[in-house]
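Participant: Pasting a structure here, questions to come.
The values are calculated or read from the model by the stated rules, or taken from the named source; none is laboratory data. In this text, all values refer to a predicted model and were calculated from it rather than measured experimentally. Heads up, the Cβs are rebuilt from the backbone with ideal geometry, glycines too, and the neighbour counts pull from every protein chain shown.
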Amino acid sequence: MPATLINYGVIPGWALLAAVIAIGGGLFLRDAYRLLKLMLLGRPASRVDHPVERSRSWLIHVIGQARLLTRTYPGVMHAMIFWGFLVITLGTIDMFARGLWSEFRLPILGGTGFFAFIVDAFQVFVLVGIAMALYRRIKIKPWYLNLSGDAIIILSLISTLMITAFLSEGFLRAWDPNEGSSWMFVGAALAPLFQPLGAGANLVLHVFFWWAHVITLLGFLAYLPHSKHMHIVTAPFNVWLRNTQPKGQLSYLNVEEAIEQDKPLGASEIDHFSWKDLLDTYTCTECGRCTSVCPASISGKPLSPKNVILDLRHYLLDHGPDLLSGDGDGDAAHAGGEHARPELVGEVITDDVLWDCTTCRACMDACPVFIEHVPKIVDMRRHLAMGESRFGKDLQGLYENLEATGNPWRFPRAKRAEWAADLGIPTLDEAPDAEVLYWVGCFGSYDDRSKKVARAFARLMQRAGVKFAILGKDETCSGDPARRTGNEYLYQQFATENVETLNAAQEAGIKTIVSACPHCYNTISDEYPQFVGNYRVMHHTQFLAQLVAEGKLKPEVPRQEAISYHDPCYLGRYHDTYDEPRKVLSAIPGVELREINPCRQNAMCCGAGGGRAFMEEKRGRRINHIRLEQAMAVEPERVATACPYCLMMFEDATGAKGVSDTLPVQDVAELIEASLKD
Ligand code: SF4
Ligand code: SF4
């Protein structure tokens, strides 16, 4: 007999259940609506394009738990809890519906032994998952995870839910073995233990634990909007609403319009973020995966991507209501008074935190619920760079040099092609039949070390018979360092000029743009489309892999060496290019590729992205030293890479550690050239 068939005084059981559902559900809806209103403080954002791709990805990442399962222990733990909850939710719907109307049966599954069995089985999985979660937090204690009061409350509530369900089942079967289903194997196993208590006590205890289960469940529901476990509700939406634009594309900001109309330049207030950014903050599970892979966090800097998201969430919850009511508007609110609130950028999230980011994207790739950290950090950098002109001398020098000469070091623009003076490389004007445009980039044009790479790559193309040209003094900075440090205004000047140049090149017959710099490659391929510049762009490792595959380059001189390849972030994580550089290196006879741990999509940044190459690294350990140590741990004889920034950072690190002679660092192009016969 279900507990709802009993009358409690004058109140029928079903009516009591309806009242409890109304209270628990009502509290949940009230507080969820409050969160929704706060979220809608955010700016508009369109996130409904590519519905098929979104739904496919949703199935993989929400139902399939794909990202979570990339780490075995926490992945299995979470999957057991998540899949358990899916099945238990069905069981709960069935239970509530039958409690309100005893004739109800869930279609297909309701009342079957199979359904009773899988609900019990998944309840066991959930309990195992909870035990694993507690063990991890109390015993294993990963440095990026903390045991918060909220986590203890939620883990206790879930355990109570499962235990009360089993006890309620057990006492029911002990009271009457014909009640419930014998497929409820936990209840069936417990029943013989309870039978000696007698039928009356068993009935009372069944009813007690049934109500304890129901009240815990509805208490859990009412508590959810106050807990990080609100991600149970928001994560499926957040994953479906993920960004489907190219990974390397930051949002477009109409700077001139913003200045004219006195709109924010970047984000300095919580309502300067989009509603999707605010949904991200609700969705953070506090798992710490982002922080565990962040080079800034690993090297002891103040930046923790998890904390950035949590700081935004807390700020929204604490000060959003004032913004909603209009009491917290304007600069005055930062000055003092009843509704005073701290500066979001500067006080809550400090400038150091924002400048420490290398935009390496490791956090975003690791986050199981697709939270977007980098765009938020860059939005706040935009406020610092353009809204406040608040940046260090190093960035000031960078911006001045870029404005003056179109490169970070103020070399004359007229000397941009000097590196190629004796190689007979034509500029576009001199080679009307060129089909490939070699975008050299600032490093390849002016940096002595990278000039060697540019020359090696150019010679390789000449040997392969590629009809290519360069832009010479018509090339300027791609704008990447300006954009990623928040100076969108300066970036857009470069983007506008370069798109005009590249569109003209395309009209002149250029079919492919190739660059040896992953940052230029990313900017031209992923970001110039915002300025109506759409090109076929290749990174030089992709281009070289093609030339090797076509037999136009034949590496024959053997190199009996163990080489470790370092994946540049803007080639790997941003463009999923992992195989081509390895194919090129593997084509060299005798080479043993020895992978660094971590590598490929988990590779740690060299420390130079996001404009960090032009900023002093003042806090924590040097990121490039840590990355070099990771490489040295596998004892390679040489390190290869495919990015001028990485090359510079690795050589700096080998120099600092005194291993420059024993552990040379080279670009993939240099290695392939050395393997060609004269
Ligand atoms: S992009 Fe890289 S450096 Fe920046 S917060 Fe994410 S992991 Fe850290
Ligand atoms: S942002 Fe993502 S990865 Fe980082 S703690 Fe939150 S849920 Fe975990």
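Participant: Looking at (1) outside the structural domain of residue 45 (by TED's automatic domain parsing); (2) outside any loop (DSSP other than H, G, I, E, B), which one does residue 223 not meet, given that it meets all the others?
Facilitator: The one condition residue 223 does not meet is (1).
Participant: Tell me yes or no: at least one residue of region 284-305 is assigned to a strand (DSSP E or B) and either touching a Gly at 6+ places or on another chain (Cβ under 6 Å) or away from ligand 2 (no atom under 16 Å from the Cβ) (or both). Give the derivation first.
Facilitator: Looking only at region 284-305, we keep the residues that are assigned to a strand (DSSP E or B), and these are none.
Checked against the condition, which is being assigned to a strand (DSSP E or B) and either touching a Gly at 6+ places or on another chain (Cβ under 6 Å) or away from ligand 2 (no atom under 16 Å from the Cβ) (or both), region 284-305 yields no hits at all.
Participant: Go through region 412-433 and give me each residue that's of a type in the set (Lys, Arg), closer than 17 Å to residue 501 by Cα and part of a helix (DSSP H, G or I).
Facilitator: Result: 413, single match.
Participant: Quick test for you: out of 509, 441, 486, 465, pick the one residue that is in contact with a strand residue (DSSP E or B) (Cβ under 7 Å, 6 or more places away or on another chain) and on the phi > 0 side of the Ramachandran plot.
Facilitator: None of the others qualify; the one that does is 441.
Participant: Same structure, new question: So residue 552 passes all but one of these: (1) charged (D, E, K, R); (2) within 25 Å of the chain's Cα centre (by Cα); (3) over 26 Å from residue 656 (Cα atoms). Which condition number does it fail?
Facilitator: Every listed condition holds for residue 552 apart from (2).
Participant: Same structure, new question: How many residues are within 19 Å of residue 489 (Cα to Cα) and touching a Gly at 6+ places or on another chain (Cβ under 9 Å) when one looks only at region 360-380?
Facilitator: Residues flagged as within 19 Å of residue 489 (Cα to Cα) and touching a Gly at 6+ places or on another chain (Cβ under 9 Å) within region 360-380 amount to 5.
Participant: Identify, by number, the condition in (1) among the aromatic types (Phe, Trp, Tyr); (2) touching a residue at least 40 places away in the same chain (Cβ under 8 Å); (3) surrounded by fewer than 20 Cβ atoms within 10 Å (Cβ to Cβ) that residue 531 doesn't meet.
Facilitator: Failed condition: (2).
Participant: Next up: Please tell me if residue 200 is in a loop (DSSP other than H, G, I, E, B) and of a type in the set (Gly, Ala, Ser).
Facilitator: Here the answer is no, as residue 200 does not meet what is asked.
Participant: Might you let me know whether region 320-327 holds any residue that is farther than 17 Å from residue 377 by Cα and either basic (Lys, Arg) or within 14 Å of ligand 2 (Cβ to nearest atom) (or both)?
Facilitator: No, because not a single residue in region 320-327 is farther than 17 Å from residue 377 by Cα and either basic (Lys, Arg) or within 14 Å of ligand 2 (Cβ to nearest atom) (or both).
Participant: Has region 463-483 got at least one residue that is without any contact (Cβ under 8 Å) to a residue 24 or more places away in the chain, among the hydrophobic types (A, V, I, L, M, F, W, C) and surrounded by fewer than 21 Cβ atoms within 10 Å (Cβ to Cβ)?
Facilitator: No - not one qualifying residue is present in region 463-483.
Participant: If residue 240 meets every condition in (1) under 26 Å from the mean Cα position of the chain (by Cα); (2) farther than 30 Å from residue 48 by Cβ apart from one, which number is that one?
Facilitator: All conditions pass for residue 240, except number (2).
Participant: Still on this structure, please answer the following. Where residues in region 538-549 are within 28 Å of the chain's Cα centre (by Cα) and surrounded by fewer than 23 Cβ atoms within 10 Å (Cβ to Cβ), which of them is nearest to residue 503 (Cα to Cα)?
Facilitator: Per the criteria, the residue is 538.
Participant: Where the second residue is at pLDDT 95 or above and of a type in the set (Asp, Glu) and the first is farther than 13 Å from residue 384 by Cβ and more than 6 Å from ligand 1 (Cβ to nearest atom) and lies in region 354-365, which pairs have Cβ atoms under 9 Å and are six or more apart or on separate chains?
Facilitator: 364/372
Participant: Restricting the search to region 342-352, which residues are within 14 Å of ligand 1 (Cβ to nearest atom) and in contact with a Lys or Arg (Cβ under 8 Å, 6 or more places away or on another chain)?
Facilitator: 352, the sole residue that qualifies.
Results for (1) at pLDDT 95 or above; (2) in contact with a Cys (Cβ under 9 Å, 6 or more places away or on another chain); (3) farther than 28 Å from residue 446 by Cα, shown as yes or no for each residue.
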residue	(1), (2), (3)
361	yes, yes, no
364	yes, yes, yes
374	yes, yes, yes
390	yes, no, yes
406	yes, yes, no
417	yes, no, no
421	no, no, no
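Participant: Can you tell me which residues in region 448-462 are in contact with a helix residue (DSSP H, G or I) (Cβ under 7 Å, 6 or more places away or on another chain) and surrounded by 22 or more Cβ atoms within 10 Å (Cβ to Cβ)?
Facilitator: Within region 448-462, 450, 453, 454, 457, 458, 460 meet the criteria.
Participant: Now for a separate question. Of everything in region 174-185 that's crowded, with 19+ Cβ neighbours inside 10 Å and closer than 12 Å to residue 119 by Cα, which residue is farthest from the chain's Cα centre (by Cα)?
Facilitator: If we filter region 174-185 for residues that are crowded, with 19+ Cβ neighbours inside 10 Å, which is where we start, we get 174-175, 180-181, 184.
Add one more test, that the residue is closer than 12 Å to residue 119 by Cα, and what stays is 181, 184.
Working: 181: 45, 184: 41 Å.
Once the filter is applied, the top-ranked residue is 181.
Participant: If we keep just the residues of region 258-283 that are assigned to a helix (DSSP H, G or I) and farther than 20 Å from residue 38 by Cα, which is nearest to ligand 2 (Cβ to nearest atom)?
Facilitator: Of everything passing the filter in region 258-283, 258 is nearest to ligand 2 (Cβ to nearest atom).
Participant: Next question, about the same structure. How about region 145-162: which of its residues are buried (at least 18 other Cβ atoms within 10 Å of the Cβ) and part of a loop (DSSP other than H, G, I, E, B)?
Facilitator: 145
Participant: Would you mind stating whether residue 266 is on the phi > 0 side of the Ramachandran plot and crowded, with 19+ Cβ neighbours inside 10 Å? Write out each step before concluding.
Facilitator: Values: on the phi > 0 side of the Ramachandran plot: yes; crowded, with 19+ Cβ neighbours inside 10 Å: yes.
In short, yes.
Participant: Please go through region 36-52 and give me each residue that is in contact (Cβ under 8 Å) with a residue 12 or more places away in the chain, under 15 Å from residue 271 (Cβ atoms) and not basic (Lys, Arg), ordered by number.
Facilitator: Within region 36-52, 38, 39, 40, 41, 42, 44, 45 meet the criteria.
Participant: In region 324-411, which helices (runs of 4 or more DSSP H) lie fully inside it and hold 2 or more residues that are outside the structural domain of residue 527 (by TED's automatic domain parsing) and in contact with a Phe, Trp or Tyr (Cβ under 9 Å, 6 or more places away or on another chain)?
Facilitator: Values: elements: 332-335, 351-355, 362-366, 373-382, 393-405.
Answer list for region 324-411: 351-355, 373-382, 393-405.
Participant: Hey, among 14, 58, which residue is on the phi < 0 side of the Ramachandran plot, surrounded by 15 or more Cβ atoms within 10 Å (Cβ to Cβ), more than 19 Å from the chain's Cα centre (by Cα) and of a type in the set (Phe, Trp, Tyr)?
Facilitator: It is 14.
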